[in-house]
1. Being open to solvent by 10 Å² or more (accessible area, probe 1.4 Å) and small (Gly, Ala, Ser) is the filter here, so list the residues in region B:442-468 that pass it.
2. Would you be able to tell me the number of residues in region B:99-141 that are closer than 20 Å to B:Asn199 by Cα and in contact with a Gly (Cβ under 6 Å, 6 or more places away or on another chain)?
3. Take the residues in region A:117-130 that are more than 7 Å from chain B (Cβ to nearest Cβ), assigned to a loop (DSSP other than H, G, I, E, B) and open to solvent by less than 60 Å² (accessible area, probe 1.4 Å), then tell me which one is farthest from B:Thr300 (Cα to Cα).
4. Go through region B:107-126 and count every residue that is crowded, with 20+ Cβ neighbours inside 10 Å and of a type in the set (D, E, K, R).
5. When only residues in region A:85-116 that are within 18 Å of the chain's Cα centre (by Cα), within 12 Å of chain B (Cβ to nearest Cβ) and open to solvent by 60 Å² or more (accessible area, probe 1.4 Å) count, which is nearest to A:Glu49 (Cα to Cα)?
6. Scan region B:1-27 for residues that are touching a strand residue (DSSP E or B) at 6+ places or on another chain (Cβ under 6 Å) and modelled with pLDDT under 95 and jot them down.
7. Could you run through region B:446-468 and say how many residues are acidic (Asp, Glu) and not in a helix (DSSP H, G or I)?
8. What's the number of the only condition in (1) farther than 30 Å from B:Ile382 by Cα; (2) open to solvent by less than 50 Å² (accessible area, probe 1.4 Å) that B:Lys241 fails to meet?
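The values are calculated or read from the model by the stated rules, or taken from the named source; none is laboratory data. This one's a predicted model, so the numbers in the text were calculated from it and none came from an experiment. Heads up, the Cβs are rebuilt from the backbone with ideal geometry, glycines too, and the neighbour counts pull from every protein chain shown. Accessible surface is based on the protein model in full, side chains and every heavy atom, while ligands, DNA and RNA are left aside. Shrake-Rupley method; radii C 1.70, N 1.55, O 1.52, S 1.80 Å.
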Amino acid sequence: MNRRNFLAAFSTAFLLAAIALTSSRARKFLRKLKRAVLPAPSKHKKAEELISKLQDFNINEEVALTFIENHIKLNQASTWFKIDDKILKIFLLSTDYIQNGADASRKLNWVTYYSPWLAPCYNPFILAQNALAN
Amino acid sequence: MQYDVIIIGSGFASMFFLQGLLDKKNSPKRILIIEKGANEPHFERLAKRRFIQWSETSTQTITNNTPEKPWTYSIAYGGGSNCWFGSTPRILPNGFKTKTDFGIGQDWPIDYNTLEQYYTKAEGILEVSGGETPYPKSAPYPLPAHRLSEPDEILREAYPEYYFSLPTARASRPSKRPQCCGNGVCFLCPIDSKFTIENGMRYVRDDSRIEVVYNASVKNISHSQGIANGVSATMKDGSEKYFSGDIIALGANAIFNPWILLKSGIKTPQTGKGLCEQAGAAINVKLKGLKNKQGSTVTTGWGVKDLFSNDRSQRSGFMFNTVNRPMNIQLDPNSPFSHLEIIASIEDFRQERNKVTFDDSDKPQIEFHGHSEFAEKTFKRIEELVGELIEPLPIESIKFSHRRTTESHIQCTTPMGESPDSSVADKYCKHHNFSNLYVLGSGNFPTASPENPTLTICALSLYAADNI
């Protein structure tokens, strides 16, 4: 095989491998493989991850850990769950952040896991407004 | 078995027709309701909520030949009341005469003033929460209006006649139903705050005059010489039953009503044609230094200024509403309330290319090839048009988010009108070719006004029953 052919074959193989690895099925397989081989992250680790993603807020580990534990229990999830924007929003809504004027510098306290199904009348925005009205 | 009245379907159109009949002096003594779906009480639906998609039935019960346009409805006792969000605006008086006032669409054979007393009656049954509105009204709403959010208040001040708290069947105060607490999952309200046929018309099950059969699929309406004689239905166990009735009312929905007519051999030129619903647009607004989402229910502000615009002769009119979803909280600690979600609903008009048809299969065939050019004209400019209307707000940015694939308001397939050539039913919702066959629901709308249709469906059914 001359150099040109070798480079062409290598590039093609590389391209095919890249496509395979980025396909959703491949990603799903790799995710499963990772979960089968590696130990699941601890709840503390997840709490740290959550805090690091909300650096501008005053969150202590206990509150973050309470959220992680609730989330796992209520959603029958493992600690492999991804902490994305949706989870971060649920976390903020699960604390007294909104009720206490949305002051990020103030230490956040745990209220209850935010879920319209589990606690249908826990809407922090409306509760905050009701508190003002009273 | 002989009945005074047979009603097909148990959603708003059917049950408000029933209510209208029961309120008459000589109310019928034997009434049969034939429901295609199951009797699934609220607590059961809640228990299996993870598996309930509010659009689940639409893919299973129709053949959608243009699947990019979904159609959503609920097949079960209570019909659309199970999955609606509870918004109950009236149609503005000019919405009944777009042809006369703006030269587009077509006029309804009934005007606002005729329907007004039935709107009021329907609002009473639904226990609507509402305040001051531009609708000419003969009575106040049964419950006070929901609280507006701060952006809503600013718009209300800017447009006192055109911006108001959306009238809704989500209770603003404890009443026969619990007070809405803004959880935002109204398609299956966990606390049963929105009106449903189940929680609002419980008497149906205790009334000895009324019989309900569930899981019974109507095969056809038998008829001869301008009289509808009865209904054949396939029962849950696969057997077939025939029920004869003096009056037959078709209150399925705007897909199944024309389909049942067509498969019964009841064909008029417009039956099934003109399928339409509003075009919907979602718009994201970023506000500067203003709190938001304090409205006491999921949608609060309701803006109708555009519906009075002279532009409506060139393009469709639209209304918009604001949304108070807690999950719209922003992660930026400097502006947690800055996101304002706006939904615009654009009126549409019947086009014969969009239709429900009948073939040899056991499902309606649906074709939808797009909204009218008038609706599309507005849709293309919706970001700019909404932007102009919300100028009084401190806006950092405004951005069109997406086209909503459905507003869940199926309409216009059995329109009311003057003649059998251009319509299916007369102004009393009676089929043009029959003296005892009523066609009910939003299929009867000659135009798809931008407002949510439910209250008008209810009022029309009360009006139809009152005029028998």
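1. Matches in region B:442-468: B:Ser442 only.
2. 1
3. In this case the residue turns out to be A:Ala119.
4. Counting residues in region B:107-126 that are crowded, with 20+ Cβ neighbours inside 10 Å and of a type in the set (D, E, K, R) gives 2.
5. A:Asp85
6. Within region B:1-27, B:Met1, B:Gln2 qualify.
7. 1
8. (2)
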